[in-house]
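Remarks on the structure that follows.
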Amino acid sequence: IRRQRQMCIRDSQDTPLRYLYMVNLDLWWPVIGFAYLVPVDVSLSVWLFYLFGRTELQVAASYGSPLHYGGTWSDLMHWQMAGAYLVFTLGALYMARRHLVDVFKRAVGLAAKADDAAEPVSYRAAFWGLLISSALVVAWFHHYGMKLWVGAIMYLLTMSVMLVHARIVAQSGMYITQVNVPTYGILHGLGAGRVFGPQGAIVAVLHQEVFVNGSTALPSPPAIHAFRISEVFEKRRRLLLPAMVVSLLVAIIASSWTMLNMAYSEGAANFGDTWGEMDNPSSIFWTAHQMVQSPEQAFPARWLPFGVGIVLTAFVMFMRARFYWWPVHSLGFLMASTYPAHHLWLSFLLGWLAKVLILKLG
């Protein structure tokens with residue numbers, strides 16, 4: 001993250017609008033096609049909210065606020081996205097409340113309207129599997145030095161991130177995402193640096209950076225895609241989940257062995273890109289060190305952008321739920337400050353523009 005911030009600052013120097021931190025104007029033809037196929041409100045929101053976020057950074061800089069430093073990885077964007085994630089998760093659960101109640105009734109053997117005959121996973125297996133897995137994760141946190149209630153909140157924040165990114169990929173056509181919300185930093189800041197002990201801080205940082213951060217580490221978007229694609233099969237859909245688990249285990253073993261074998265035979269420092277082998281690990285432990293040594297200075301709470309993320313997301317979700325003509329979607333705001341948005345916003349703009357012109361004038 002530190003290197004990316006430096007690149008953003010370096011590449012955008014000596015221009016009147018350098019604090020927009022806009023360093024990419026990439027043209028991706030497949031993405032234009034994706035943007036053309038998704039609903040107009042979603043494709044509009046992707047590029048519109050990206051430019052809105054860039055404007056926020058420029059305005060913050062013009063008023064002398066230090067929150068803009070780092071652009072996409074700035075405190076302004078981190079805390080704003082944190083508020084947006086929380087509200088979107090609560091809103092999604094609220095809108096699905098009736099279905100979730102039916103799933104619960106079905107799982108515990110009560111009469112329910114929900115029918116899981118056509119689902120790749122039975123509601124009973126899904127409910128109890130989620131419950132048991134959640135308990136094991138929180139117990140794992142607690143075993144390695146995290147307070148029990150802190151571990152529970154960390155888990156809920158992680159699940160919020162997974163839900164948001166699964167929804168982004170499933171509905172927006174944004175086939176790649178990257179987490180830009182450090183859950184440990186948000187919890188650490190909201191607790192004024194008193195939430196984590198030394199062991200808990202290290203576990204929290206490692207959990208986020210190893211299991212959550214990075215576009216290839218999130219299991220929720222491809223899982224949602226796999227379940228959706230499996231609808232074309234009329235038989236043996238219940239074999240999908242075991243097949244996914246086996247594939248995941250094989251992939252972990254094969255990739256880990258390959259990586260370690262190459263690192264020891266060729267030397268990890270000789271790789272063309274040493275971010276994953278050298279820079280990122282040192283950055284992870286430096287972050288944990290800062291949280292332990294200077295807990296009150298690491299990740300200080302930024303209440304204004306946090307509140308903006310909450311209010312703006314809630315407003316957009318409410319307007320879209322109540323008014324058919326409302327033109328923007330909250331998903332665009334959730335991905336506005338991400339690394340992929342840097343590269344794909346222009347393509348979404350062109351795809352949206354082509355669709356609007358063809359449908360309105362063609």
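The values are calculated or read from the model by the stated rules, or taken from the named source; none is laboratory data. Keep in mind that this is a model prediction, so the values were computed, not measured. Note that we place each Cβ from the backbone using ideal geometry, even for glycine, and neighbour counts take in every protein chain shown. The accessibility values were calculated without ligands, DNA or RNA, using every heavy atom of the protein model including side chains. Shrake-Rupley method; radii C 1.70, N 1.55, O 1.52, S 1.80 Å.
A quick yes/no check of all residues on (1) more than 30 Å from Leu190 (Cα to Cα); (2) open to solvent by less than 70 Å² (accessible area, probe 1.4 Å); (3) touching a residue at least 60 places away in the same chain (Cβ under 8 Å):
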| site | (1), (2), (3) |
| --- | --- |
| Leu260 | yes, no, no |
| Asp273 | yes, no, no |
| Trp286 | no, no, no |
| Pro295 | no, yes, yes |
| Gly307 | no, yes, yes |
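Screening the stretch 44-80 for residues that are of a type in the set (Ser, Thr, Tyr) and under 17 Å from Trp345 (Cα atoms) and picking the one that is most open to solvent (accessible area, probe 1.4 Å) gives Thr55. Within the stretch 226-267, restricting attention to residues that are of a type in the set (A, V, I, L, M, F, W, C) and modelled with pLDDT under 85, the residue that is nearest to Ala125 (Cα to Cα) is Phe227.
Specify the residue that is surrounded by the fewest Cβ atoms within 10 Å (Cβ to Cβ); the eligible residues are those in the stretch 178-200 that are aliphatic (A, V, I, L, M) and under 15 Å from Pro300 (Cβ atoms). Applying the filter and picking the extreme gives Ala192.
Cβ separations smaller than 9 Å between residues 6+ apart or across chains give the following pairs from the stretch 87-102 residues that are within 16 Å of His329 (Cβ to Cβ) and part of a helix (DSSP H, G or I) to residues that are open to solvent by 70 Å² or more (accessible area, probe 1.4 Å) and modelled with pLDDT under 90: Phe88/Arg167; Ala92/Arg167.
Restricting attention to the stretch 316-347, the residues being more than 25 Å from Trp79 (Cα to Cα) and buried (at least 22 other Cβ atoms within 10 Å of the Cβ) number 1. Of the residues making up the stretch 157-177, not a single one is more than 11 Å from the chain's Cα centre (by Cα), exposed (fewer than 14 other Cβ atoms within 10 Å of the Cβ) and farther than 30 Å from Glu296 by Cβ. Within the stretch 202-218, restricting attention to residues that are at pLDDT 80 or above and not hydrophobic (A, V, I, L, M, F, W, C), the residue that is least open to solvent (accessible area, probe 1.4 Å) is Gln208. I'd like to check something: does the stretch 106-114 contain any residue that is open to solvent by 50 Å² or more (accessible area, probe 1.4 Å) and in a helix (DSSP H, G or I)? Yes. Within the set Val121, Val137, Val103, the sole residue that is within 18 Å of Ser220 (Cβ to Cβ), surrounded by 13 or more Cβ atoms within 10 Å (Cβ to Cβ), of a type in the set (A, V, I, L, M, F, W, C) and modelled with pLDDT under 90 turns out to be Val121.
Can we say Leu248 is surrounded by 12 or more Cβ atoms within 10 Å (Cβ to Cβ), in contact (Cβ under 8 Å) with a residue 60 or more places away in the chain and part of a helix (DSSP H, G or I)? Criteria not met by Leu248.
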